[in-house]
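See below for the structure under consideration.
The values are calculated or read from the model by the stated rules, or taken from the named source; none is laboratory data. All values derive from a computational prediction rather than experimental measurement. Positions of Cβ are backbone-derived with ideal geometry, glycine not excepted, and every protein chain shown enters the neighbour counts. The area values use the complete protein model at the heavy-atom level, side chains included, leaving out ligands, DNA and RNA. Shrake-Rupley method; radii C 1.70, N 1.55, O 1.52, S 1.80 Å.
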Amino acid sequence: MSRTAALIEQIRTTQSKQIEAAGRAFADAVRAGHDVWAFGTGHSHLIAEELYARAGGWAGVRAVLEPSLMLHEGVAKSSLMERLPGLADVLLQVHPVAEGDVVIVVSNSGINAVPVEFAAGARARGATVVAITSLAHSATQEPRTRSGHKLHEEADIVIDNCGVPGDAIVEVPGSPASVGSTSTVAGAFVVEAIVAEAADLFARDGVEPPILRSNNVQGAAEHNEKLRELLTNR
């Protein structure tokens, strides 16, 4: 617990400028009528879900949740699919990322074809790409991409989740493997901080940010429905 807390503090002290930049990009895109997208494969899809339809989160975030890249259809399948060249282009045809949008791409290793190519494709379409990745992990591995690039090389804003190679930070006596993976808690912290930064920028300008409320709070359903109507008719 103490190591994870220290890692979160490390993110706060070393990545604040990058998080602020991502928050500004987020707010500017929304003000201009553009979309914010979130994408990740394997366990990184959890960070995309953290942004999507979240109580206390930004209404209208568009998450790319491709079942074959998640885990409920099998770990082996997900691992193979996230290494498949060309799949990202298919996803970008189905999910129309456009010029002026912001795309948050999450990959702890930053080496697999799909997240790297998704980031590259989004940038080619004129979107601003925010990468959340472990620079330490990425530095220890060769890329599995046709371009030879890693995720941080295809992003406009790079946020380091400060994780160690292999993700897990707690050694187990007598075992070569460690426990206590940090990329999920770190990623959730980062995206919530980005949303908070964007909301603060709206509030400073005297504009109410479109923040969802928990449906388990009285009056929230009506509030959220109004937000949905506003976003649909914008």
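In this Cβ point-charge picture (+1 for Lys and Arg, -1 for Asp and Glu), the stretch 137-191 has a dipole of about 140 debye about its Cα centre.
For the stretch 82-234, the solvent-accessible area works out to 49 Å² per residue, with a probe of 1.4 Å and every protein chain left in place.
Roughly what angle does helix 183-204 make with the longest principal axis of the chain, taking Cα atoms, 0 to 90 degrees, to the nearest 10? Its long axis makes an angle of about 30 degrees. Out of 231, 206, 173, whose Cα points farthest toward the positive end of the dipole of the stretch 168-234 (charges: +1 Lys, Arg; -1 Asp, Glu; placed on Cβ)? Checked the options; the winner is 231.
For the chain, modelled as a GNM whose springs connect Cα atoms under 10 angstrom apart, the maximal fluctuation among 134, 183, 175 occurs at 175.
Taken about its Cα centre, the stretch 11-160 carries a charge dipole of roughly 140 debye when the Cβ of each Lys and Arg holds +1 and the Cβ of each Asp and Glu holds -1.
Could you run the Debye sum over the Cα atoms of the stretch 143-191, one equal point scatterer each and no solvent, and tell me log10 of I(q)/I(0) at q = 0.20, 0.24 Å⁻¹, two decimals? Log10 of I(q)/I(0), two decimals: -0.82, -0.94.
Among the GluC sites (Glu not before Pro) within the stretch 91-180, those in coil by DSSP and having at most 13 neighbouring Cβ atoms inside 10 Å are 99. Estimated from the Cβ-Cβ distance and a Förster radius of 30 angstrom, the FRET efficiency linking residue 1 and residue 220 is about 0.40. Rg/Rh for the stretch 162-211 (Cα atoms only, Rh after Kirkwood) is 1.33.
The share of accessible area on the stretch 1-93 that comes from carbon and sulfur is 54 percent, using a 1.4 angstrom probe.
For residue 129, the residues whose amide H sits under 5 Å from its own are 103, 156, 157, ignoring neighbours fewer than 5 places away on the same chain, with H placed 1.01 Å from N. The residue among 70, 37, 22 whose Cα reaches farthest toward the positive pole of the charge dipole of the stretch 1-87, with charges on the beta-carbon of Lys, Arg, Asp and Glu, is 22. Compute the Cα gyration tensor for the chain, then decide on rounded, prolate or oblate, letting a ≥ b ≥ c be the square roots of its eigenvalues: rounded whenever a/c is under 1.5, prolate when a/b is larger than b/c in the other cases, and oblate in all that remain. It is prolate, given that a/c is not under 1.5 and a/b is the larger ratio. Think of the stretch 119-234 as having a plus end and a minus end, set by charges on the Cβ of Lys, Arg, Asp and Glu; of 216, 190, 155, 155 sits farthest toward the positive end of this dipole. Near residue 121: Cβ cut-off under 13 Å, other residues only, Lys/Arg at +1 and Asp/Glu at -1. The net charge is -2.
Applying the criteria of a DSSP loop state and at most 12 other Cβ atoms within 10 Å to the trypsin sites (Lys or Arg not before Pro) of the stretch 14-119 yields no site. Once both labels are positioned 7 Å from their Cα atoms along Cα-to-Cβ, the gap between residue 179 and residue 71 label points is 1.5 nm. Within the stretch 72-150, all pairs of alpha-carbon atoms sorted by distance into 10 Å bins from zero give the percentages 19, 49, 28, 3.
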